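Engineer: Input: one structure, supplied below.
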There are 2 protein chains.
Amino acid sequence: MRDLRPLFDPRSVAVLGASGDPAKWGHWVAAGALRGAHRRDVWLVNRNGGEILGHHAFRGLDELPEAPELVVIVLPAGAFEEAIEASLAADASAIVAITAGLGELGEEGKARERAAVERVRAAGAVLLGPNCLGVYDAAAELDLGSNEFTPGSLGIISQSGNLALEVSLLASQYGVGVSRFASLGNQADIDAAELVEALAADEATRVIAVYCEDFHDGRAFARAGAAALAAGKQVVLLAAGGSEPGARAAASHTGALASDSSVVAAACRAAGIQRVATPKELVDVALACLAPHRPRGRRIAIVGDGGGTGVVSADLATAAGLELPHLSEQLSAKLTAIAPTIITTNPVDLAGAGEQDFWNFERVTEAVLVSGEVDAVVFTGYFGGYSEMNEAFAERETEVARSIAAAAGRTGRPLLAQAMFWDSGPARALRAGGVPVYRDIEAVITTLAALVEQELHPGTGVADMGKTADPVRSDGYFESRELLAAAGVPFAVARRAASVEDVRAAAADLGYPVVLKALGLLHKSDAGGVALGLADDAAVAAAATDMEGRLAPEGYSVETLVDTAGGVELIVGCRRDPRFGPLVLVGLGGIYAELLRDVAVALAPAGADEVEELLRSLRGAGVLTGARGRPALAIRAAAEAAAALSRVAAAHPEIAEIEVNPLLVTPGGALGLDARIVLS
Amino acid sequence: MRDLRPLFDPRSVAVLGASGDPAKWGHWVAAGALRGAHRRDVWLVNRNGGEILGHHAFRGLDELPEAPELVVIVLPAGAFEEAIEASLAADASAIVAITAGLGELGEEGKARERAAVERVRAAGAVLLGPNCLGVYDAAAELDLGSNEFTPGSLGIISQSGNLALEVSLLASQYGVGVSRFASLGNQADIDAAELVEALAADEATRVIAVYCEDFHDGRAFARAGAAALAAGKQVVLLAAGGSEPGARAAASHTGALASDSSVVAAACRAAGIQRVATPKELVDVALACLAPHRPRGRRIAIVGDGGGTGVVSADLATAAGLELPHLSEQLSAKLTAIAPTIITTNPVDLAGAGEQDFWNFERVTEAVLVSGEVDAVVFTGYFGGYSEMNEAFAERETEVARSIAAAAGRTGRPLLAQAMFWDSGPARALRAGGVPVYRDIEAVITTLAALVEQELHPGTGVADMGKTADPVRSDGYFESRELLAAAGVPFAVARRAASVEDVRAAAADLGYPVVLKALGLLHKSDAGGVALGLADDAAVAAAATDMEGRLAPEGYSVETLVDTAGGVELIVGCRRDPRFGPLVLVGLGGIYAELLRDVAVALAPAGADEVEELLRSLRGAGVLTGARGRPALAIRAAAEAAAALSRVAAAHPEIAEIEVNPLLVTPGGALGLDARIVLS
């Protein structure tokens, strides 16, 4: 881990390309840098010299009185290399390159970036960008970008300046400010993973929000996310470009290579990174992660004073997989003792009891929280609105809000609120007390469900790729089987045969019925290169002779026919993502499953536990687990076979694709019926 | 259709139960009523007389100088009947009963309501409530409730006061006010359907937002929604209580009988009602429906100046089923001519061209809209933010916004915007010009996708129940088959048999192989009462003898064995919803389909076109339509069979459930293999 202190808290800053024109980046960056001039040297550099923003402008970095620890380059692409050289010659430790028009435009620019990075690294310096929009650190009073942020506890890493601005605006409406911001740019040197590490190490940063189009080293990113979580700092990720038009836009925007959405999801699951789809969701989830407590399970209670809001919340929560248990008789009686009109079904409806006495909001909420009957409470309704009526109400309601927040803090269980008067004094008092208060109920429910999911299915960790094994040189059928079998994938018994005569002998040796496969074909099944259930020598001879004539195969495999009745066929395979590396895929075979694309993905290598969870997450998992009176199948054996395959994929980077299709799962075990490898 | 003018625009109002206590409903309603005192007589009535809110309080309705056209009852449940009688005696045409504690508590209250409604109707009057929260009409300056609304064009019908308030608050942030509000209450007399009719007929109301827990007469509601749409007024519905905890809460809140979510969805589809799940969505969709144009197809362009926002929008749009076509070379050239730096992939990224010249926002947006290459444009990004910088920028950006809205209006294609500076001057100018401007991009995309869906799959209309036929008296197997066959459902050939000997004779007559079914059992298949593929007389005799001994059935059916290979089994049935009446359900049979509950529902009777669309909407529809190289099956024949079954269900209210399971669909046709009726 490199020290990024010179990037976020430099002792001095030089702005190379500072400008007096208020419509230019060189002006905005200079103005931002000068806001920190009371605590560090800030030098403006412009080849024309003169005066900018009331400060002397140096004609070059070589004119500065001292070495600048950080240089911001705000020059056109043509001056990039020269600026880098000048920065290194001036002994800069960190460089921020706003300069656009390099790697995002294509290979030539990428080559120029690589050469520059080589020079930067050789000098022991670090480079953010190029094509980036600057950096911000609230504690260090460093502001080198176009956006102005309110100081706070949210760290933002973004590949888009406007998106970071939108996130900060949405966060500020909930009173959440920004601790650090770093614009990713082209990630020529410093990448998203390294920035996550740096923000995780930053004291002021409590949650890390990331907008990313290109993960550069996806594994390192995931690992950094897992490490940040271990350090108590949740990473919330908005990864864009998963659709074809999205990827097209990302490529034109930053030259990004976007990853498949399911792959990003797999990495996030492994790392315990919260994944979202929009800037609003990014802020919604971050807000809950800033709160002191997390839900331990699915059971929630809804407490409010609007019947309708309660019903809507209950519907949403149920759809999101949360549970609203009936409250116990004791708890119900306790609530009725607070006010007899309270409806004690869950949702709990204070009905008139809240406006009779605002303290009833606090009494009811605390009673439900301390009961231990639920893992979280959602507070919703009119609360906050009384404060709009008169000053006395406002004071009392705010006091009650403070007390509610304190009560929630004591119980150690999360309280999340939705308030139509979301910006009222009482709402702000709840927020100040650690209760996230949202404008809309869907934000509360979606966020809560996401946190519950993470708690119940914690990241299994980001697997190391393990040692690389001796490269595989053949993609032959038997070599593939042997490689997988050695790793622990069980297969049906098979014999290699070179000729029709060999085939007949092998079949007689194995015992009928047998399966005959012609080898060396790309899609042997589609080509008519597989014959199932050959019952006797005559049938075997006829099938082999037919294949010999039609396909002239390299050879044959003669295999014991496996009874598939009562079993389910899975597809198990691995492929390789350019950013996240090897992946294991499991899916149900069969026509419905194919149509419904019922497939789940994890980073490879994956452990058997992880694969088993993957199998159980399939929509049609019931056929494996014994739903509707069917026998339960050996899901564990299937998971072990897939885990073994994933280890092979991880150890052999030369394998582009590897597949066992089908993997037959029966009540007694799992058995590979075919295997295929594609070398890259 | 009754005239509800006395409810929304009465010539005079009496508040029965007016109160001087500012914490009481009788106070709020009186204060509200008095706000209209400049245009109608308002009389406050309290049995203690005296003065309330500076006005004389009458001791009874009989003391009023004239007949009150509308009486609001704000008295406890105990005084309900007496108040109704007094109102009718005073010759009131409309009554609003705020009074709670009646039908929502159970059968006794319901009976009291029924008796009161009988009296009200006999007198030619109408009743809103009881247990309602009042009524509001902006144009008539009538305000009889606790909420204060801003006048506008949104009609609100709600079964929850707080929810209506939340909707109005959310709408007001987008500058949308309320034309009329009616609280549903227990719908003892006036129900949701009648209120939809009344709001559709109201000139000031342009979109109708409904929150409903209990639909009372669901068919009438759907019909009213379809009629409103035909009159150019979209109904947007938030129907709650679809989950078990939601239904539980609704029952405790208003005594509501909630309907299954899929049934409500079916009614909305038929009627062209937009269905949403949250108050925010209600407002988001209503906002778009207030705009002058609707999208005609799925093709959209995204225009913005933030690369990241464009990528996120593209991902969301693709996931929502919208399409982002590549722009033509001509259009692309036209955009490049506006400014060479514009990235003309779709999403279109103005990059720096917007801040160079604000008018470029207008030029680009208009060029894309007039091109005809897309059905709608989504405008997003930093626009609106320049106005925060200085006064000159604010003026120019607002002028550009006005011009963008005008351009969109001219093209006849919808423009929807998302703005992080959603409340800026330019954003308000866009809104004023008919462009819906949202805070969050998901609101834009979700709304647009919903409108496109409605346009491409317009409501098929709410079917009339048709004539009721002579009631079915027997739920016997052969009677059920005959009833369905007569309506047009084809069945496998079958013979009735009374004894083992009869069975053997029938089988010989039909020709082997046959199927044997034992009759009179509730679940004949589970009980071992079905034997398939009996190949000869010996097999038939053995199976019949076995059933005779084990099951002592009422009789037998002997049927031709149908070859099911190459076919797909469907489940087709009808059931009855207490609110929406008969429904037809179609689903895929088989284990995966059962596990995945791949079922679709429509109101019965349904036409063959409608059922065919239903079948095509199944997730596994590919097995019917010939996906992945399979043969296409006779989906039309299956649709016709299901439509025939739905006609039977609609014509026979005495049938609680009716089912053909399985209905075999082959490339050549559809054939019922079993039938079952349950009488209620």
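Engineer: Of the beta bridges DSSP finds with both residues in the protein assembly as shown, what % are antiparallel, to the nearest 5?
Structural biologist: For the protein assembly as shown, the DSSP antiparallel bridge percentage is about 45.
Engineer: Towards the positive end of the charge dipole of chain A, with charges on Cβ (+1 Lys, Arg; -1 Asp, Glu), say which of A:Ala247, A:Leu596, A:Tyr512 has the farthest Cα.
Structural biologist: Farthest towards the positive pole: A:Tyr512.
Engineer: Let me ask something additional. Could you grab the relative contact order for the stretch A:1-90? Cα pairs under 8 Å, six or more apart, rounded to a whole percent.
Structural biologist: Taking the mean separation of contacting Cα pairs over the length of the stretch A:1-90, I get 32 percent.
Engineer: Would you work out if the protein assembly as shown is rounded, prolate or oblate? Take a ≥ b ≥ c from the square roots of the eigenvalues of the alpha-carbon gyration tensor; rounded if a/c is under 1.5, else prolate when a/b is larger than b/c, oblate otherwise.
Structural biologist: Oblate.
Engineer: Rank B:Gly385, B:Ala401, B:Val370 by how far each Cα sits towards the positive end of the charge dipole of the stretch B:319-406 (+1 on Lys, Arg Cβ; -1 on Asp, Glu Cβ) and give me just the farthest.
Structural biologist: Of B:Gly385, B:Ala401, B:Val370, it is B:Val370.
Engineer: Give me the lysines in straight-line cross-link reach of B:Lys467: C-alpha distance below 29 Å, same-chain residues under 8 apart excluded.
Structural biologist: Of all the lysines, none pass the test against B:Lys467 - Cα under 29 Å, at least 8 places apart if same chain.
Engineer: Amide H of A:Leu127: which non-local residues (sequence gap of 5 or more, or other chain) have their own amide H closer than 5 Å, using H built in the peptide plane?
Structural biologist: A:Ile95, A:Ile190
Engineer: Can you list the HN-Hα couplings for the stretch B:670-679, worked out from phi with the Karplus curve (6.51, -1.76, 1.60; θ = phi - 60°), rounded to whole Hz and with x for Gly and Pro?
Structural biologist: 10, 8, x, 9, 6, 9, 8, 10, 10, 7
Engineer: Okay, moving on. If you put a point 7 Å past Cα along the Cβ direction, how far is that point for A:Ala538 from the same point in each other copy, in nm, smallest first?
Structural biologist: Between copies, matching label points for A:Ala538 lie 2.5 nm apart.
Engineer: On to the next question. Placing +1 at every Lys and Arg Cβ and -1 at every Asp and Glu Cβ, with all other atoms neutral, what dipole size does the stretch A:519-565 have around its Cα centre, in debye to the nearest 20?
Structural biologist: 160 debye
Engineer: Relative to the other copies, what are the label-point distances for B:Arg410, with labels 7 Å from Cα along the C-beta vector, expressed in nm at one decimal and sorted shortest first?
Structural biologist: Label-point separations across copies, in nm and ascending: 6.7.
Engineer: Let me ask you something else. Skipping prolines and chain starts, which residues have an amide H placed within reach, meaning under 5 Å, of the one on A:Leu570, given they are 5 or more residues away or on another chain?
Structural biologist: Here A:Gly589, A:Leu663, A:Leu664, A:Val665 satisfy the definition.
Engineer: Roughly how many nanometres apart are two label points built 7 Å out from the Cα toward the Cβ at B:Leu105 and B:Arg630?
Structural biologist: If labels sit at B:Leu105 and B:Arg630, their model points lie 5.7 nm apart.
Engineer: Could you give the size of the charge dipole of the stretch A:377-520 about its Cα centre, using +1 on the Cβ of each K and R and -1 on the Cβ of each D and E, expressed in debye and rounded to the nearest 20?
Structural biologist: Here the stretch A:377-520 has a charge dipole of around 320 debye.
Engineer: Treating the angle as unsigned and between 0 and 90°, give the value, to the nearest 10°, between the Cα long axis of helix B:441-456 and the longest Cα principal axis of chain B.
Structural biologist: Relative to chain B, helix B:441-456 is tipped by roughly 50 degrees.
Engineer: Sticking with this structure for a sec: Check B:Gly134: other-chain or 5+ apart residues with amide H under 5 Å from its amide H, H built from backbone geometry?
Structural biologist: B:Ser183
Engineer: Here's something else I'd like to know. How many angstrom lie between the C-alpha centres of the stretch A:50-118 and the stretch A:146-180?
Structural biologist: First find each Cα centre; the distance between them is then 26 Å.
Engineer: Only four residue types carry charge here, +1 at the Cβ of Lys and Arg and -1 at the Cβ of Asp and Glu. Report the dipole size of the stretch A:415-469 about the Cα centre in Debye, rounded to the nearest 20.
Structural biologist: With only Lys, Arg, Asp and Glu charged at Cβ, the dipole is about 180 debye.
Engineer: Nearest-5 percent of antiparallel DSSP beta bridges in chain B?
Structural biologist: In chain B, DSSP labels about 50 percent of beta bridges as antiparallel.
Engineer: Same structure, new question: In whole Å, what is the distance between the alpha-carbon centres of the stretch A:342-362 and the stretch A:417-442?
Structural biologist: Taking the Cα centre of the stretch A:417-442 as reference, the centre of the stretch A:342-362 is 18 Å away.
Engineer: Shape verdict for chain B, please, from the Cα gyration tensor: rounded (a/c under 1.5), prolate (a/b greater than b/c) or oblate.
Structural biologist: Verdict is oblate for chain B.
Engineer: Okay, next question. Of chain B, which part is the longest with no trypsin sites (Lys or Arg not before Pro) in a loop (DSSP not H, G, I, E, B) and with at most 12 other C-beta atoms within 10 angstrom?
Structural biologist: B:60-466
Engineer: In whole Hz, what ³J(HN,Hα) sequence does the stretch B:224-235 give by Karplus (6.51, -1.76, 1.60; θ = phi - 60°), x for Gly and Pro?
Structural biologist: 5, x, 5, 5, 4, 4, 4, 8, x, 10, 5, 9
Engineer: Where in the stretch B:488-527 is the amide nitrogen less than 18 Å from a point lying 7 Å along the Cα-to-Cβ axis of B:Thr560?
Structural biologist: It comes to B:488-497, B:505-517, nothing else.
Engineer: Could you calculate the FRET efficiency of A:Arg121 with A:Ala432 from 1/(1 + (r/R0)^6), where r is the beta carbon distance between them and R0 is 51 Å, rounded to 0.05?
Structural biologist: About 0.65, to the nearest 0.05.
Engineer: Please give the FRET efficiency for A:Ser525 paired with B:Glu479, using the beta carbon to beta carbon distance and R0 = 51 Å, rounded to the nearest 0.05.
Structural biologist: 0.55
Engineer: 222 nm [θ] for the protein assembly as shown, helices only, -39500 (n - 2.57) per DSSP H run of 4+, per residue, to 500?
Structural biologist: After summing the helix terms and dividing by residue count, I get -12000 deg cm²/dmol.
Engineer: Counting other C-beta atoms within 10 Å, and keeping those with at most 12, which DSSP coil GluC sites (Glu not before Pro) do you find in the stretch A:537-608?
Structural biologist: A:Glu554
Engineer: Tell me, how many Å apart are the Cα centres for the stretch A:599-642 and for the stretch A:508-578?
Structural biologist: 26 Å
Engineer: Could you give the length gained by full extension between A:Ala23 and A:Ala552, i.e. 0.36 nm per residue of separation minus their alpha carbon distance, to one decimal place?
Structural biologist: Extra length from A:Ala23 to A:Ala552 when fully extended: 183.2 nm.
Engineer: What gaps in nm, shortest first, separate A:Asp41 from its twins in the other copies when you place the label 7 Å past Cα toward the beta carbon?
Structural biologist: Ordered by increasing distance: 9.0 nm.
Engineer: Additional query: At R0 = 51 Å, how high is the FRET efficiency between A:Glu51 and B:Ala67 if r is their beta carbon distance? Nearest 0.05 is fine.
Structural biologist: Approximately 0.05, to the nearest 0.05.
A short reminder: the numbers here are calculations on the coordinates, not readings from a lab. As the structure is a prediction and not an experimental result, all values here were calculated from the model. All Cβ positions, even for glycine, are placed from backbone atoms using ideal geometry, and neighbour counts span all protein chains on display.
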